[in-house]
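Asks: One structure follows; several queries about it will come next.
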Amino acid sequence: MTNLNTYQINEDIKLVIFDCDGVLVDSEILSKKVLLKMLTKLGAQVTGEYFDRHFLGYSFNHVSAKILEDFTVTLPQNFRKDYHQALMETFSAELTPTPGLKTLLSKLSLPCCVATSSSPERVKHALKVTELDTFFTNCVFTCSEVKKGKPAPDIFLHAAQKMGVMPKHCLVIEDSCAGIKAAKSAEMQVVKYTGASHLKNKNLINSNVTDDVVTIHEWIQLFDLAPLLMSKD
């Protein structure tokens, strides 16, 4: 893992691309709670460690295929709808932005957008209940808009194109190995954020894809890495 004190972001950044779950909103711990409870009822004894390793940052289709492959459990036809409904109810009651995020967004000097594996409905609800939607007007992009989800680079390249910025001028903020791999494949700079509840005080299993990626635990550290990102106002 790259040392925060020695890492420098290329100062030619023109766009900051945020992942949503586990980056903008503290949602992964809620998603894990709801999903594991529902899977247990189907006979799939999924552990929290397994969730972190195989589900973080991935699309629902990937999760469904992985459950079938490793637990020989086929999700019922209505599972996705039921999971979505249960999760939205949990979000309404418990979801919060990650600590210090609103302060960071209010001081950000560059354009920003969201690029996520979540469904359009899920990300819209998450941003609304956390009152983050005002920061991201007409700049939220989901994997429903591309052929391949993370770890493919499609969603990040799509977001950059829609925002009119070349990939080499983009900085991606991610929390998952899948997202980091996607950003690297898109040839964008990437920073790993671990300030959400599901990553705090944990040494999650990492692949070598994250070995040379700088990690921040608090949002203020992003401005330490790249002072140009902070508005002078």
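The values are calculated or read from the model by the stated rules, or taken from the named source; none is laboratory data. The structure presented is a predicted model; accordingly, all values stated were derived computationally and were not measured. Glycine gets a Cβ as well: all are built from the backbone with ideal geometry, and neighbour counts include every protein chain shown. We work out accessible area using only protein heavy atoms, side chains counted, and drop any ligands, DNA or RNA first. Shrake-Rupley method; radii C 1.70, N 1.55, O 1.52, S 1.80 Å.
Asks: Express in % the proportion of alpha carbon pairs of the stretch 21-67 at distances exceeding 16 Å.
Replies: The answer is 34 percent, as a whole percent.
Asks: How much of the accessible area of the stretch 75-153, in percent, comes from carbon and sulfur atoms when a 1.4 Å probe is used?
Replies: Values: 2060 of 4140 Å².
Carbon plus sulfur share of accessible area: 50 percent.
Asks: Tell me the relative contact order for the stretch 77-233 as a rounded percent, counting alpha carbon contacts under 8 Å between residues six or more apart.
Replies: 22 percent
Asks: Another question about this same structure. Report, for the chain, the % of DSSP beta bridges that are antiparallel, rounded to 5.
Replies: Working: 2 of 19 bridges.
So the antiparallel bridges in the chain amount to around 10 percent.
Asks: Taking R0 as 25 Å, what FRET efficiency do you get between Lys232 and His169 from their Cβ-Cβ distance, rounded to the nearest 0.05?
Replies: Working: r = 20 Å, r/R0 = 0.81.
The computed FRET efficiency comes out at 0.80.
Asks: Further, regarding this structure: Among Lys33/Lys232; Lys66/Lys107; Lys124/Lys200; Lys32/Lys168, which pairs are too far apart, with a Cα-Cα distance over 32 Å?
Replies: Lys33/Lys232; Lys66/Lys107; Lys32/Lys168
Asks: Could you work out, for the stretch 94-195, what percent of all Cα-Cα pairs fall into each 10 Å distance bin, beginning at 0 Å and stopping at the bin that holds the largest distance?
Replies: Per 10 Å bin, starting at 0, the Cα pair percentages come out as 15, 49, 35, 2.
Asks: So what's the projected area for the chain, the Cα convex hull averaged over all directions, in nm²? The partial results should precede the final answer.
Replies: Working: hull surface 48.3 nm².
The orientation-averaged projected area of the Cα hull of the chain comes to 12.1 nm².
Asks: Measure nothing fancy, just the Cα-based angle from helix 28-41's long axis to the longest principal axis of the chain, in degrees from 0 to 90, nearest 10.
Replies: That helix lies at roughly 10 degrees to the long axis.
Asks: Putting +1 on Lys and Arg Cβ atoms and -1 on Asp and Glu Cβ atoms, find which of Tyr83, Asn138, Thr98 reaches farthest to the positive end of the dipole of the chain.
Replies: Of the options given, the answer is Tyr83.
Asks: Also: Taking only C-alpha pairs under 8 Å that are 6+ residues apart, what is the relative contact order of the stretch 35-104 in percent? Could you put the intermediate results ahead of the total?
Replies: Numbers: 23 pairs, mean separation 15.9, N = 70.
Here the relative contact order equals 23 percent.
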